Structures are given as structure tokens and as C-alpha cells.
1. Out of residues 5 or more away from HIS152 or on other chains, whose amide H comes under 5 Å of its own, with H placed 1.01 Å from N in the peptide plane?
2. At 37 °C and 0.692 mPa s, what whole-number value in µm²/s does Stokes-Einstein give for the translational diffusion of region 52-167, with Rh from the Kirkwood sum over Cα pairs?
3. Report ³J(HN,Hα) in whole Hz for each residue of region 158-172, in order, from the Karplus equation J = 6.51 cos²θ - 1.76 cosθ + 1.60 where θ = phi - 60°; Gly and Pro get x.
4. Rounded to the nearest 0.05, what FRET efficiency do LYS474 and LYS529 give with R0 = 60 Å and r taken as the Cβ-Cβ distance? Could you check?
5. Is region 354-506 rounded, prolate or oblate when judged by the Cα gyration tensor, a ≥ b ≥ c being the square roots of its eigenvalues, rounded requiring a/c under 1.5 and prolate requiring a/b larger than b/c?
6. Any chance you could run the full-extension gain for LYS50 through GLU452? It's 0.36 nm times the residue separation minus the Cα-Cα distance, nm to one decimal.
7. Which cross-chain or sequence-distant (5 or more) residues have an amide H under 5 Å from the amide H of LEU73, H modelled 1.01 Å from N in plane?
8. Can you tell me how much longer the chain between GLU192 and GLU461 gets when fully stretched, taken as 0.36 nm per residue apart minus their C-alpha distance, in nm with one decimal?
Amino acid sequence: MSSEINPDEIVYIETYPRIGIARVGNSEEYYIGPEIPGRNDTPDQGFKDKDMKVKRQAARFRVYAFGKNHEVLGELNSDKGFELEWEVEVANKKPSYYTFMGPGAFQVGNTTLRNPTVQPTLPPDERTDCIIAPGSKTIKSNSSQTIDMTGHFKGSAKTPVDVYLGSIKVDDKGRLLVLPGHGFSHCIDNPEDPWPLILTDFDNPNWVDDTCDGTVRARVSHGQRESDQPCRWSSDTAHVVCTTPKYASAIYAPTTLYDVMENIYAKKKGNGDVSSVVGEVEYWRDIWELIQRPVLLSWVNGQANGGHGPGRMGNFFDPEWQDKLQSTSPEHEATRQIILGRMRLPYVDETQVARRGQAFKYFMPWLSGDGGRTTQGDETTFSSVTELQYARLKKWADGDFVVKPENRPNPPPHFEDIKLKDQPVALTRASLEWTIGAPLYPGIELSWNAEEPETYDLSAEALALGPLGFRLNKSVKPGELTRYLSLPWQSDFYMCRNYWWPSARPDAILSQKVLSDVTTQYGWDAVLKALNLSQKKEPSPPADALANHVPWERGIHQNYTGA
């Protein structure tokens, strides 16, 4: 097929999403991760295969061409006559890194190493016996192969073991698919007992898992060009993170990694003052997107269910709430100010003292903070929204916002329905909006390094492009994004229940049996009405029944000595 894009007009190319998220699963089957903001559709035949094994989430990458004014010319793929060559390099550096101490307590060179008896005098990046590094893998757009990414882990054993970190392949248009591992973790101490009791939350010696991260690059060529110059382009570096499953597929965290990244760029652009660059606040885009999240969390978290579930005062899906929240009338300013007053201040130096007075459960979000197991009165006990999220809420509460009906949540069914100029940013946003940006102790997809400005490219060029320029620093090497996270991933994932990561690892859920009993007793119409009901004078038996949640992890063996 001939190209719809004139190769002579291409000034540079880029790979999107900037950060792709792949999720492990014990099935050989996979599905493509979210690519449309606001949509996280259930895959064909569900999230599990016929044997009830969890399907893997693959991260798909595309290449876009840009013109001299940074305008998006279009996607480059094999259907348009372009040849793509992908280069992927991932690594798992968790076993070689320092023990997790939390943000602020961690100091390079003064923190104990994981696997401290293995190559203890070498820097973490040189402890090859503790690094799973398959090396660089390449694949072309016309390939029918699936290329495995398998490295080795030795630890304190005499001989290394193979560790499969995933595979790469291409789709029918030459786009890259990164398939993660199978979520397999084990300890190499005793081959006869690969799953001994886990001894610590984060840092178990001689354990290895198949999570990882790394770089993605694309080289593109075209057979026809009017000029005599070589018809080849190379993209900047994108990244892929192969992480844990997300067991609550359509539930947002109050703060996502996209929110964290957006906040860092806003703070840099405003020279530290986010409020100076917050711009116009639009209700559906900036406010409802955030306010709906605790209501969604109520289906996977007991605390949220008590305040925001069906029949609860904070069920913002109630039509009466909807009318008040989007009204710019001074009549409803008190309501907006009350909600703002319940929001915990952002975690910055200027609010440290004030946050100590907010370090209890009255304020939102009612989720753990970056301080770990701290107590009431410690400002790091509970999570908070970002400075940018709070600044938008402040303008909204003050009545300084607009409502644009066209922004009401209605994501298109197909990616091609997104305007071309918006497609690159949409890929990054869709990839990251289902992740967890707070708390980061140590985190699920990324750790507290996601909050460090040094992690990102904050050059003048990147800032000038707005969200189109959001990307990680070129100095970030394979394995460096996830090296802070729990080893193995299951230990922290299982231990941190109640109010840590309910959008990925549910705490308390509505069981299928309870839902069936409620619908049988009251009927679907009454149940659907209860879903959008906040607290009323008259009781709502269906809403009360829907609040009868059970532990998500019920029946799972607890392979952990400290729980």
C-alpha cells in the first residue's frame, strides 16, 4: 500500500505511548492494554482463559511522524508502505538494588543491599549475578516470529537459572507488542522448596520474579522519496513497564502516574508554582474525572464503600449531586467548598505543618501515604492529591470553572475515532491513567522515583510541546524504573490490604453471590436505582444490601510470616 504521508515532509518520528504498561498473567493468552482514554474494556472472552488462568496485558507501541512545526503527520506502519524495526531492551534489577527504605530514608551507599552476600563490593548496576538482563532484542515489521526475552539469575547459587521476562512480536501493521512474563516468582535457595515462607515485606534474599522495565526504540525506512537523502528515521526512547495484574479493571486510583507526571511538568513550567499554570478548569475534564474516583473505589475498598457507596452520603453519581457539582451558581458554592475542605493538602514543604492536622481519617483520600506504617499526626500517614489536582479543585470550589457538555465522558469506541493530532498523547494517557500514582510505598507499577523530577525530560523543548513532550529522561536505563519495588511482587501486593492499592489489588468486594441474592430479592430496576442513590431520609434496603462486602483475598493461602 502506498504511503498517505509524504516522506519528504517528515522531520522526526516518535514512539507512543511514552510509557507502555504490560501486566503479567499465568496464561499464554493476552489482550492489548488500554489505548483510548476513559476506556478499559473487557477483552474478548474476559480476563481469564478457558482454564481460568489470568491473561497477560500486552503493551502496544506505535510510531508517529511529525513535521517542521511539530504537527502530527500520521502514524507510520506497514500498511502505509513503511518498514519498521523495533529494538527492545528490558531488565529486572530488583535483586541487585538496595533494600526498600521509603522516600527520604533511602541513601545510595548508606542503605543495605538486597542479596548482601552476592558481589557486595560492586555498585548495584554491576552486580551481574543479581541482574536479569536478556539484552537488546530486535524485530522487524514483517516478522512472524515471537522473540523471547530470557535472562539469568544466579544470586548465591552455584549455577544461574533462566528467567523469562516476556516476549516481543508485531501485529498485522508492524506495530510492536511487548508481552510480559507469567507472574512467576520463586526462591533459588532450595530447588526442592521454591516457595518457602516470605520473610520480609519488600526484600527477600534469593527470590526472583519476572517483572521488569526497559527501553523501546524504532527505526523506520521508506522505499520512495523525492530527495536523494537516505530514507530512514530513528525515534527517541520510549519505555515499557512489565508489572503486576490489575484485578479491578475499570477502577481509577485517586492519583495516577499520569497525574504525577502532569504535575511535575506543570510545576517545572510554573517555576515551582503550579497555580500559575493551572489554566482554565473544565468540570468534566478536570473535576468530575477526579470526584468520580472515590465512588468507583467503593466497589473494591471498605473505607470508600462506607462513605461513597450506594446509599451513602458521598455517592456523587446521585443526580442531585450531579446538579450541584457542575453548577457555577453561587448557591452551590458552599457545597463545593465543603468538598474542597475534606481534601487533604498536597504533600509539599509549604503544607507540612497543616498536613499534620489532617493526618486522620476525616480527610480524603482515605488511603495510605508514602510514609508506610505511620500513625495519626504524621503527615505521611495518608495519601493526598497532587498540587495540580488540588489547584484545579480550588478554582472549582471558588466558582472559577466552566462546563463544556462536549467533554462529558463519552470515549470513542475505536482508536481511529480520536483526532489525529490527539492520538499520541491519548496513547500515553490511556496507558497510565489506570496505574497508581499514590501511595508509592513502594508502589505497584513504579515507586517514589515517579515523583522525582530527575526521572523526566524537563528540557525547554519538552516543556514547549506540552503533553506531547511528556517523556522520561534519556538517562533512565533498563531495570531502573522498577528496581525499588517489592521482591517478589506478590509479598507487598498481598500484604498491603485495606487501604493501599485497591484500584489494582481489591480489599473488599461485592461477591457474585450477594449480587445475585440482592437482584433476586429486589429486582434489577431497584438495584440500578440504588447504585446512583446517596443518603436519603427513607432507607434503601437494596443499597444497604449492596454494602455487604467480603474480603477479596478470601481463600488464598497466606505465604507470609509477618501478616
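Coordinate-derived values only; no laboratory data. Quantities reported herein were computed from a predicted structural model and do not represent experimental measurements. Cβ placement follows ideal geometry from the backbone for every residue including glycine, while neighbour counts extend to all protein chains displayed.
1. So HIS152 has HN proximity to ALA133, VAL163.
2. 184
3. Along region 158-172, the couplings run 6, 10, x, 10, 6, 10, 7, 9, x, 9, 10, 7, 10, 8, 6 Hz.
4. Once rounded, the FRET efficiency stands at 0.65.
5. On the way: a/c = 1.66, a/b = 1.23, b/c = 1.34.
Cα axes put region 354-506 in the oblate bin.
6. Value of the extension gain: 140.5 nm.
7. Amide H neighbours of LEU73: ALA65, PHE66, GLY67.
8. Numbers: separation 269, 0.36 × 269 = 96.84 nm, distance 5.50 nm.
Once the chain is fully extended between GLU192 and GLU461, it gains 91.3 nm.
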